[in-house]
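The next block holds one structure in the form of structure tokens; read it before the comments.
The values are calculated or read from the model by the stated rules, or taken from the named source; none is laboratory data. Predicted model only: the values in this text are computed from it and were never measured. Here the Cβ positions follow ideal geometry from the backbone for every residue, glycine too, while neighbour counts run over all protein chains shown.
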Amino acid sequence: MRLIFFLSILIISTNCMAQCATFRLNAKGDTLNCTDVNGKKQGKWVVRVESVRGEPGYDDEGEFENGKRTGPWRRYNLTGDLIAVENYRWGNKDGLSQYFTINGIEHEEFWHATNPLYPYDTVFVPNVNDPDKYEMKVVKVEATTVKHGNWRYYDTESGKLIKTESYLFDKLQEVKGTGSNPTASEINEKRDAAFSNGKPKEVVQFEKKVMKKKKIVVRDGKVQY
């Protein structure tokens, strides 16, 4: 029984190698970096980029299909730390891509790849007169891949979300939470500076009195129990 099993594995491996004009084997005997007879990359690959002109090197690991990247690709620095996970479709970024430092996640990107055979796509957009209603529109996507969805940026030490950018087919729609959340004193300082910008003294004093009656609440992300 074992003999039949090993023979089956050998036949499968031989067939895979026969389809590759060039390839290499890893320590486990898996076929890597296969290039077929037509010169197209196929299957699992490890792509090394060496350090050059001060830029750090890295290894990319993922799969090719007919010469184009497909599915998840993981990137490691040359010491073996994970620094990125990117998703591909038709050779271009598609869906979620995440980037890391040694401390944790740095930012997330969302991409939308275009099928080269069908450069048109449909998208739901808010109605101009009624933002609660959406209309389906057909748009032509000129680029092979575009920013589409929410891009999030984090404080790498605390892991706190500090900014979100929303894109619709490469067009920036909205930016939320730019920078760290300000403290109450920082808000008051900015308010006082704005009040004194060329306004009469009496007006400044009156506006300060009105604003002091308003309670300023700063959300720090903590959950109260």
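Couple of notes before you dig in:
- Single match in T70, T122 (criterion: among the β-branched types (V, I, T) and either modelled with pLDDT of 95 or more or not in a strand (DSSP E or B) (or both)): T70
- Of all the numbered requirements in (1) at pLDDT below 80; (2) out of contact with any Lys or Arg (no Cβ under 6 Å at 6 or more places or on another chain); (3) β-branched (V, I, T), I102 misses one, and that requirement is (1).
- Condition check for T79 on (1) assigned to a loop (DSSP other than H, G, I, E, B); (2) touching a helix residue (DSSP H, G or I) at 6+ places or on another chain (Cβ under 8 Å): one failure, at (2).
- Picking from residues in the stretch 1-36 that are over 23 Å from E61 (Cα atoms) and of a type in the set (A, V, I, L, M), the one that is modelled with the lowest pLDDT is L7.
- As a summary of the residue check, N150 satisfies the conditions (1) in contact (Cβ under 8 Å) with a residue 12 or more places away in the chain; (2) not in a strand (DSSP E or B); (3) not hydrophobic (A, V, I, L, M, F, W, C) except for the one numbered (2).
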